[in-house]
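Following: one structure in structure tokens, then a few remarks.
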Amino acid sequence: MADWTECMNFGMAIAREAREVILEAFRTKKDVMLKSSPADLVTETDQRVEKMLISSIRHRYPTHKFIGEESVAAGEKLELTDAPTWIIDPIDGTVNFVHRFPFVAISIAFAVNKQTEFGIVYSCVEDKMYQAQRGRGAFVNDVPLHTSGQEDITKSLVVTEIGAERDDLALCTMTANIMSLLRIPIQGIRAVGTAAVDMVLVATGGADAYYHIGMHCWDIAASALIVQEAGGVVLDLDGSTFDMMSRKVIAASSMAVAKRIAQTVRAFPCTRDDED
Ligand code: IPD
């Protein structure tokens, strides 16, 4: 098995540099641009941080490929091949960033042969560096992470997101899903505003499950590995095998909780990330 530790350490080092840029911009007023909907935002800082991360990595690893949220938004083809590929969200939680709601993260996953080898989620304001390497456990600021192990949905705290979709079908599906879970009943439902942080909360044991429809591969590729390495389960929304391109995910502390969520929630249609 190849050892990607050097790449991972490099990824964490450049994430620390990028955090400085994000924190400096965090307190100031931003010029906001819209992408796919009035709730899908981008700022000059998202674009600047992504360029900064990609140019540093490209300089060090000239043959590696990239999937970056803002590069794709600018028209670059989203393609995951077998080549070593960095999957980057420069600011996960851009709406939070714009409002100064203090949860924003840099998410960096690294895949080879389409398999995630390491994942980094840096929650910038909290200064929490989550990371995992395949087969080597998950950590936050070097402290090992373990999911809660909760098997009972009625004792579970569940995290989800109302994403950028604002059409009636998406809104009805998302609210109906929340009602169906609350009726089971689960113990509570939360949303942090960054898919990457939502998901790593399952790895910490602070939440027992997370599900989401409509997010993208760069939001969850890194945190999926962190949850798995912390002992959790990651599935597609219908309970099938996790597919980072499908834009649907469940992460949970146990298979029992994951399957119960899969039986309870429904998806609304969204185009796969790797579909033209
Ligand atoms: C978004 C955040 C948000 C989620 C959206 C994502 P971005 O990512 O993770 O919590 O609900 O689906 O697109 O645009 O801030 O990188």
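Computed from the coordinates by the stated procedures, all read-outs in this text should not be read as laboratory data. Bear in mind that the values here come from a model prediction, so they are computed numbers and not experimental data. Please note: Cβ atoms are built from the backbone with ideal geometry, for glycine as well, and neighbour counts cover all protein chains shown.
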**OP:** Using the structure shown, list the pairs from Lys29/Lys65; Lys65/Lys259; Lys128/Lys155; Lys29/Lys77; Lys30/Lys51 with a Cα-Cα distance above 25 Å, or answer none.
**Re:** Lys29/Lys65; Lys65/Lys259; Lys128/Lys155; Lys29/Lys77
Subject >> Fewest-first sequence of Ser180, Ser240, Ser223, Ser254 by Cβ atoms within 10 Å of each Cβ >> reply: Ser240, Ser180, Ser254, Ser223
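Which percent of the Cα-Cα distances in segment 75-136 go past 20 Å? Working shown, then result.
On the way: 710 of 1891 pairs.
So the pairs more than 20 Å apart make up 38 percent of the total in segment 75-136.
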Original post:
Given the rule -39500 (n - 2.57) for each run of at least 4 DSSP H residues, summed and divided by the residues of the chain, what is its mean residue ellipticity at 222 nm, to the nearest 500 deg cm²/dmol?
Top reply: -11000 deg cm²/dmol
Original post:
Using a Gaussian network for the chain with springs between C-alpha atoms less than 10 Å apart, which of these wobbles most: Leu171, Leu157, Leu34?
Top reply: Leu34
Original post:
If the chain between Ala73 and Asn113 were fully stretched, how many nm would it gain, using 0.36 nm times the residue separation less the Cα-Cα distance?
Top reply: 12.0 nm
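Under the rule that an exposed site lies in a DSSP loop and has at most 11 other Cβ atoms within 10 Å, name the longest stretch of the chain with no trypsin sites (Lys or Arg not before Pro) of that kind, not counting the sites themselves.
Working: sites that count: Arg27, Lys29, Lys77.
Longest run free of exposed loop sites: 78-276.
Take every DSSP beta bridge with both residues inside segment 153-264 and express the antiparallel ones as a percent of the total, to the nearest 5.
65
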Original post:
For Leu171 and Val32 in one chain, what is 0.36 nm times their gap in residues minus the Cα-Cα distance, to one decimal in nm?
Top reply: 47.7 nm
Subject >> Spin-label pair Glu44/Thr271, simplified geometry with 7 Å Cα→Cβ offset, distance in nm >> reply: 3.0
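What number results when the radius of gyration of the chain, computed over Cα atoms, is divided by 2.2 N^0.38 Å? Working shown, then result.
Details: Rg = 17.4 Å, N = 276, 2.2 N^0.38 = 18.6 Å.
Computed over Cα atoms of the chain, the ratio equals 0.93.
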Original post:
Mean projection of the alpha-carbon convex hull of segment 1-64 over all orientations, in nm²?
Top reply: 6.1
Original post:
Any idea what the relative contact order of segment 153-264 is, in percent, if you count C-alpha pairs under 8 Å spaced at least 6 apart?
Top reply: 27
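What is the Cα radius of gyration of segment 5-144 over 2.2 N^0.38 Å, N being its residue count?
Working: Rg = 14.7 Å, N = 140, 2.2 N^0.38 = 14.4 Å.
Against the compact-globule rule of thumb, the ratio is 1.02.
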Original post:
Hey, can you list the DSSP H helices of the chain whose Cα span along the axis is 27 Å or longer and whose average Kyte-Doolittle score is at least -0.5?
Top reply: 5-26
**OP:** Quick one: which residues, 5+ away or cross-chain, put their amide H under 5 Å from the amide H of Asp92? H built at 1.01 Å from N.
**Re:** Ala105, Ile106, Ser107
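Mean 1/r over all different Cα pairs, inverted: what Kirkwood radius does segment 171-244 give, in Å? Don't skip to the answer; put the middle values down first.
Details: mean 1/r = 0.0770 Å⁻¹.
The answer is 13.0 Å.
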**OP:** Starting from the Cα of Met52, move 7 Å in the Cα-to-Cβ direction to define the label point; list residues of segment 105-119 whose amide nitrogen is under 17 Å from there.
**Re:** 105-108
